[in-house]
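Taking it in order: structure first as structure tokens, then the write-up.
The values are calculated or read from the model by the stated rules, or taken from the named source; none is laboratory data. It should be emphasised that the depicted structure is a prediction, and the values quoted were computed from it without experimental measurement. Positions of Cβ are generated from backbone atoms using ideal geometry, with glycine treated the same way; all protein chains shown enter the neighbour counts.
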Amino acid sequence: MLLLVTACSSSGGDETPSASASPSAMESETPETTLPQTLVFSPVGLQVPAMKGLSEGLTHYGEEQGWEIIVQDPALDPPTQVQQVTQVLESGRAGALWIIALAPPSMTEALHTAQEKGVPVLINGVPADYGFDGPQAGISFGTIDYAAGGTALGEQVGMCINEKLDGTAKVIYGASAAGTAGKEESDQSFLDALAATAPGATVVQEWTLSDRAASQTDVGTILQGQPDVNVVAAANDEGALGAIGAFKAAGRDLPCIAEFGGNDEVLGLVADGTIYASVALQFGEDMVQSFNTLAAMQADPTAVGPLLTVPQKVITADS
């Protein structure tokens, strides 16, 4: 999270005004202002377990640093998120903003408003997602390395196939919906890494990820037409958990499953051997780096914000 203390400098002149300085010259100088130590966190929605956990961790960490944390809940609705962020900016309560945008282009105007007010922002994505042509003053952009995540997922699936299935398998892949951030990079790097690691494996079908119940239904349908499927890869937690439910409902063994995400439920299933591996996003580490970045940015609202990457780590039962 970032918090930005704004210090607006004088438009010119000596540090100590002379007695001859005119009233108009004195009035033209902008007084130093200080933003409140209040960080506003706008996740995609607290209905998402990872977002709920992140908000709680952020609140605890921020309060330890002497900050007030305001957590918003747009409930997965982009217009609501824009409205909430705009209102808190206009209220003057925000000393820094951490936004995980549902629909990045919708946040462009709010980012301009934050720049005008000198309130530092950390937001997901890259500058082009918001119509900018490069890094911006007062804005830090945070990304997930989807190509690296897809590569790690493909490697782990391939390793499981080599270890448990003698290098030959029929794989189904839960892919993110069209338009999801990082989809193309994640999908292609997964397929490339799987082919390189386990050339005898074949991806026979994909399904589009949504929630757990939908994934369980979709995978159940796939199993009716593809009874030889014995490996699952999923690009998020809910897809993996839904697939496990579908295999159980069908009375089928699932010797190899790996996924990208790494929530607590998934990591528990990794520990007991149900899931071979998780490419787990390290939200705790990201929370700390995000807060510390915003706090540092508050000291200079004109400085270009750094580009951050969410740490990730492969977790297996042996980790």
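Among the residues of region 110-136, the one identified as of a type in the set (D, E), more than 20 Å from M297 (Cα to Cα) and over 17 Å from the mean Cα position of the chain (by Cα) is D133.
Kindly evaluate L35 against the criterion of being more than 21 Å from the chain's Cα centre (by Cα), buried (at least 17 other Cβ atoms within 10 Å of the Cβ), of a type outside the set (F, W, Y) and on the phi < 0 side of the Ramachandran plot. Give the derivation first.
Details: more than 21 Å from the chain's Cα centre (by Cα): yes; buried (at least 17 other Cβ atoms within 10 Å of the Cβ): yes; of a type outside the set (F, W, Y): yes; on the phi < 0 side of the Ramachandran plot: yes.
Answer is yes for this residue.
Does T30 count as at pLDDT below 95, more than 30 Å from N263 (Cβ to Cβ) and of a type outside the set (A, V, I, L, M)? Judged against the criteria, T30 is a match.
Return a yes/no flag: does region 70-81 have any residue that is under 16 Å from the mean Cα position of the chain (by Cα), at pLDDT 95 or above, under 24 Å from Q289 (Cβ atoms) and of a type in the set (D, E). Checked region 70-81: at least one residue is under 16 Å from the mean Cα position of the chain (by Cα), at pLDDT 95 or above, under 24 Å from Q289 (Cβ atoms) and of a type in the set (D, E). When the strands (runs of 3 or more DSSP E) confined to region 85-159 are screened for residues that are out of contact with any strand residue (DSSP E or B) (no Cβ under 7 Å at 6 or more places or on another chain) and crowded, with 24+ Cβ neighbours inside 10 Å, none reaches at least 1 such residues.
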